[in-house]
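Below: the structure, in structure tokens.
The values are calculated or read from the model by the stated rules, or taken from the named source; none is laboratory data. This structure is a prediction, so every number in the text was calculated from the model and none was measured. All Cβ positions, even for glycine, are placed from backbone atoms using ideal geometry, and neighbour counts span all protein chains on display.
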Amino acid sequence: MKKILKDEWYVKMPIVCEDLWNTEYHMLSFFGEIISWEEQPGRYPRWNDSVDQLMEVAHVLARMRRIQDPATGRPMTMRAIATRLCRNLHRRCPQNIYAVARQSLRSKRPDVVTYYTRLRLEGGVSLSSFVDTVEPISLPRLDSYRGVFDGGNYNG
């Protein structure tokens, strides 16, 4: 039974182990689906949170050892998970993913599982709200650059 702590302006629910396990399950299913995506033209999903949060997510998923490499059938490494997450969510993958994840874990903010659990329980926010699908910009093809610079008199 959860106890409800009343603060001055909102009701704060304590986080229990079942909540953390549920969040880990949601993370596994959500990010596991993203890892299995193939490139599709015209579809550009983008990660809205920081890259270090994404590297910490890759660390949590690698620690679970539940996402398997389709080629070998063995659990994916953190490097493979981070590379696929960054590629499919159109973010630049850091050179040293382990250092970024370690820095993120050592920061004063809560770890990603606790962070997403609080967002899910207190704010009703799902993980899909961190991913936006961006439409590519299509510009008309220029036949000539004449008139683009300095009102059309000359180009340089």
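Numbers below:
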item: Helices (runs of 4 or more DSSP H) (entirely within region 52-134) containing at least 1 residues that are surrounded by 19 or more Cβ atoms within 10 Å (Cβ to Cβ) and among the small types (Gly, Ala, Ser); result: 78-88, 97-106
item: Arg46 vs. criteria in a loop (DSSP other than H, G, I, E, B) and touching a residue at least 40 places away in the same chain (Cβ under 8 Å); result: no
item: Among (1) over 15 Å from Tyr116 (Cα atoms); (2) in contact with a helix residue (DSSP H, G or I) (Cβ under 7 Å, 6 or more places away or on another chain) - the single one Arg65 does not satisfy; result: (2)
item: Region 20-51 - residue that is more than 20 Å from Arg118 (Cβ to Cβ) and of a type in the set (A, V, I, L, M) and, of those, surrounded by the fewest Cβ atoms within 10 Å (Cβ to Cβ); result: Ile34
item: Any chance Ile15 is among the β-branched types (Val, Ile, Thr), surrounded by 11 or more Cβ atoms within 10 Å (Cβ to Cβ), at pLDDT below 95 and touching a Lys or Arg at 6+ places or on another chain (Cβ under 8 Å); result: yes
